[in-house]
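Novice: Have a look at this one.
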Amino acid sequence: MKWAVIVFPGSNCDHDCYYVLKDVLGQDVCYKWHKDTSLSGIDCVVLPGGFSYGDYLRCGAIARFSPIMNEVIRFANNGGIVIGICNGFQILLESGLLPGAMLRNESLRFICKDVYLSIENRETMFTKGVKGAKTERVLKMPIAHAEGNYFADKETLSNLQKNNQIVFRYCKPEMDDKGINSFTYTDNPNGSIDNIAGICNKKGNVLGMMPHPERAVEQILGGIDGRLIFESVIRQ
Amino acid sequence: MKKVKVFVTLKEGILDPQGLAIKHALESMDYEGIEDVRVGKYMELKFSGDIPEERLHQICDQVLSNPVIEDYRIEM
């Protein structure tokens, strides 16, 4: 697969995404600068985390109008695979490729910590191939954001639910001596509506998620659950 | 030159944690009777000449506000 990692002024997880794809998973990957205007030959686009354009106006609001985004929108509408992580998710919301918007975290704090995610839809290309996690239903990876409090109005939320577009929810695992055996929805780090941590579009080719899978790709980083999402896409 | 003022605020009913924190701070200082505090953004745009109102609304809808969570008000 040929991957492109988009680099905006202020992106800061671009190298991490490049690293997991190139060095950990042996993929063909290139960077695309925000002023680039072509994605020809690309199978999958990653919009990385960071603070594109300094988070001015609203997170992702300026990045959405950078030259490469017209091409990303066209690419996604033609069925190309797009993964937006953290600030990348915010850009997808601003660009209208995914519904809803981000609000400040309920606590008003920047939160940087490991969280647990339940896989709510196992039929997406991003989750279907998730194998090797302890439970195959609950993944652990970090979040690092101040605006990850997902909001959607009633109608949008009910459409997300109806169409199985909620891919990940924040959850609290219940442990026993063998590991995670079940979970509840009692943990919600940022106040997201319906515990939403990640959603996809109706067609299922665009994923946005606040947690950072690229920061959980090797044991030395504290876990490999994030890698499973990239591997799932590669297996398609 | 024409100056336009744009006020962007969170839609009614959308949680405003910043406003809430300010309200709590004011209450802790014994200011009474504050029902609600909402935080918004104020922007000034200067145009070299006249700008049709329709064009201004486009600017506000597409860029200056996010219609999913925000409302705006224009003052000429």
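The values are calculated or read from the model by the stated rules, or taken from the named source; none is laboratory data. In this text the structure is predicted, and so the values were computed from the model without any measurement. Cβ coordinates were reconstructed from backbone atoms using ideal geometry, including for glycine residues, and neighbour counts include every protein chain displayed. Quick note on the areas: whole protein, heavy atoms, side chains included, nothing else; ligands and nucleic acids left out. Shrake-Rupley method; radii C 1.70, N 1.55, O 1.52, S 1.80 Å.
Novice: Do you know which of the residues in the stretch A:17-52 that are in a loop (DSSP other than H, G, I, E, B) and of a type in the set (D, E, K, R) is most open to solvent (accessible area, probe 1.4 Å)?
Specialist: Among those that are in a loop (DSSP other than H, G, I, E, B) and of a type in the set (D, E, K, R), it is A:35.
Novice: Under 6 Å between Cβ atoms, at least 6 apart or on separate chains: pull out the pairs that start in the stretch B:22-37 with a residue that is under 19 Å from residue B:10 (Cα atoms) and end on any residue that is part of a loop (DSSP other than H, G, I, E, B) and open to solvent by less than 80 Å² (accessible area, probe 1.4 Å).
Specialist: Filtered contacts from the stretch B:22-37: B:22/B:37; B:23/B:34; B:23/B:37.
Novice: Another question, then. Could you figure out which of (1) touching a strand residue (DSSP E or B) at 6+ places or on another chain (Cβ under 7 Å); (2) open to solvent by less than 50 Å² (accessible area, probe 1.4 Å); (3) under 16 Å from residue A:49 (Cβ atoms) isn't true of residue A:205?
Specialist: (3)
Novice: Can you pull out the residues in the stretch A:185-224 that are outside any helix (DSSP H, G or I) and hydrophobic (A, V, I, L, M, F, W, C)?
Specialist: Selection gives A:196, A:197, A:199, A:200, A:206, A:207, A:209, A:210, A:216, A:217, A:224.
Novice: What's the number of the condition residue B:11 fails, among (1) free of Cβ contacts under 8 Å to residues at least 40 places away in the same chain; (2) within 11 Å of another protein chain (Cβ to nearest Cβ); (3) charged (D, E, K, R)?
Specialist: So residue B:11 meets the others, but not (1).
Novice: Condition (residue is among the hydroxyl-bearing types (Ser, Thr, Tyr), touching a Ser or Thr at 6+ places or on another chain (Cβ under 7 Å) and closer than 25 Å to residue A:17 by Cβ) applied to the stretch A:133-151: is it met by at least one residue?
Specialist: Among the residues of the stretch A:133-151, at least one is among the hydroxyl-bearing types (Ser, Thr, Tyr), touching a Ser or Thr at 6+ places or on another chain (Cβ under 7 Å) and closer than 25 Å to residue A:17 by Cβ, which makes the answer yes.
Novice: Any idea which of A:169, A:215 is more than 21 Å from residue A:14 (Cα to Cα) and basic (Lys, Arg)?
Specialist: Answer to the check: A:169.
Novice: To continue, here is another question. So which residues in the stretch B:62-74 are more than 12 Å from every other protein chain (Cβ to nearest Cβ) and either free of Cβ contacts under 8 Å to residues at least 40 places away in the same chain or not basic (Lys, Arg) (or both)?
Specialist: Residues satisfying the conditions are B:71, B:72, B:74.
Novice: From A:79, A:49, grab the single residue that is within 25 Å of residue A:141 (Cβ to Cβ), out of contact with any Leu (no Cβ under 8 Å at 6 or more places or on another chain) and either more than 14 Å from chain B (Cβ to nearest Cβ) or not hydrophobic (A, V, I, L, M, F, W, C) (or both).
Specialist: A:49
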